[in-house]
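Okay, so here's the structure we're looking at.
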Amino acid sequence: MKQTCHGLIAVILAAYPTDGLRFNAGQVLRLHSEYQNNSGGPKTDVMGIFQAWYVPISPGFPRPKGATPLYASLVPAYNQCTSPNRIHGPPDFPGNGSNPDGSCNPPGQTSGQLTVGSPDANPGTAANFVGSVKVNALPGNAATPADEADARYTISLLDIRKKSDLSDYTGQVQVTSSLRVTDRDNGPSETGTGQDTSFSVTVPCTATGDTAIGSTCALTTTADAVVGAGAVKESMRTIWQLGQVRVNDGGADGLVSAGPPRVGHQGRERQGDRQRPAICFHQTRVRITTGSASPNPAS
């Protein structure tokens, strides 16, 4: 239901609103209500009602001046060594509880489907793999009514091959990471940290036609394009805290979306065919700025 308030729109909602019109002490709100009957003449003997909420000002939260862009360089993922059968050379790394440090021979790639060129491991191939995930904050423009704030993902993986025969892989991969959002979009401009979730992007892979190098998996997209408009909102001082960036293979059929997501599993899992991460990168963080000015000239 909407009422006309001398050019302003007061929205009456049954639930607690997350946005609306702000007004301060000392300001006067006037509600003008009228209706027309079949005669076409306006009637003024009506009553209009609008509701207002008192919203205490939430304290802010510490935030960086800027943290963009995020650039994650990717490396092939290997299984954790849980039953060492070798001793790693010195010095010992603290924190693993063993002295000297153990190791597992041979190394086991985490993905059973994909690999990359490497002459000592995959004869006849060169070491051509280069992979990265770049996330740029796209600042909004407070001077326009549109919400231009967003996060741009630029994903590139070169020399992706099938593990079975080292041919070009033409399926899909999935870039995924955990996501923790802190912003001012928790009730009427209240601050808060959302529950941890994941953010995933499906990336197509195409053959290169060059026998000396595997396929290319590449995509440029935005958070709004992946999950819908408003994924990153202007003026909310949003911080995106990303966990480990992983790239999952597409399973035996090469299709990331061939099955429902399993709750609590980072990535996707299908009956009898578990997708495993092909490439991984260490944990990092990125701040998505939603103000009108870029927080980092380099972005």
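Residue-by-condition table, conditions (1) surrounded by 19 or more Cβ atoms within 10 Å (Cβ to Cβ); (2) free of Cβ contacts under 8 Å to residues at least 60 places away in the same chain; (3) assigned by TED's automatic domain parsing to the domain that holds Asn136:
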site	(1), (2), (3)
Arg161	yes, yes, yes
Ser178	no, no, yes
Thr208	no, yes, yes
Ala212	no, no, yes
Val227	no, yes, yes
Gly230	no, no, yes
Asn248	yes, no, yes
Ala252	no, no, yes
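Residues being more than 30 Å from Leu138 (Cα to Cα), at pLDDT 80 or above, surrounded by 12 or more Cβ atoms within 10 Å (Cβ to Cβ) and in the same structural domain as Ser156 (by TED's automatic domain parsing) are represented in the stretch 59-77 by at least one member. Is it the case that the stretch 185-194 has a residue that's of a type in the set (Gly, Ala, Ser) and either in contact with a His (Cβ under 6 Å, 6 or more places away or on another chain) or touching a residue at least 60 places away in the same chain (Cβ under 8 Å) (or both)? Scanning the stretch 185-194 turns up at least one residue that is of a type in the set (Gly, Ala, Ser) and either in contact with a His (Cβ under 6 Å, 6 or more places away or on another chain) or touching a residue at least 60 places away in the same chain (Cβ under 8 Å) (or both).
Quick one: is Thr170 surrounded by fewer than 16 Cβ atoms within 10 Å (Cβ to Cβ) and touching a residue at least 40 places away in the same chain (Cβ under 8 Å)? When the stated conditions are applied, Thr170 passes them. Summed over the stretch 105-147, the residues that are assigned to a loop (DSSP other than H, G, I, E, B), in contact (Cβ under 8 Å) with a residue 60 or more places away in the chain and charged (D, E, K, R) give a count of 1. Set side by side, the residues Tyr153, Tyr169 differ, and just one is closer than 15 Å to Thr211 by Cα and assigned by TED's automatic domain parsing to the domain that holds Tyr78, which is Tyr169. Here Ala142 fits the description: over 19 Å from Leu74 (Cα atoms) and either over 24 Å from the mean Cα position of the chain (by Cα) or among the small types (Gly, Ala, Ser) (or both).
The residue list Asp185, Asp210 contains one member that is modelled with pLDDT of 90 or more and of a type in the set (Asp, Glu), which is Asp210.
The values are calculated or read from the model by the stated rules, or taken from the named source; none is laboratory data. Not measured: the values here are computed from a predicted model. Every residue, glycine as well, gets a Cβ built from its backbone with ideal geometry; the counts of neighbours run over all protein chains shown.
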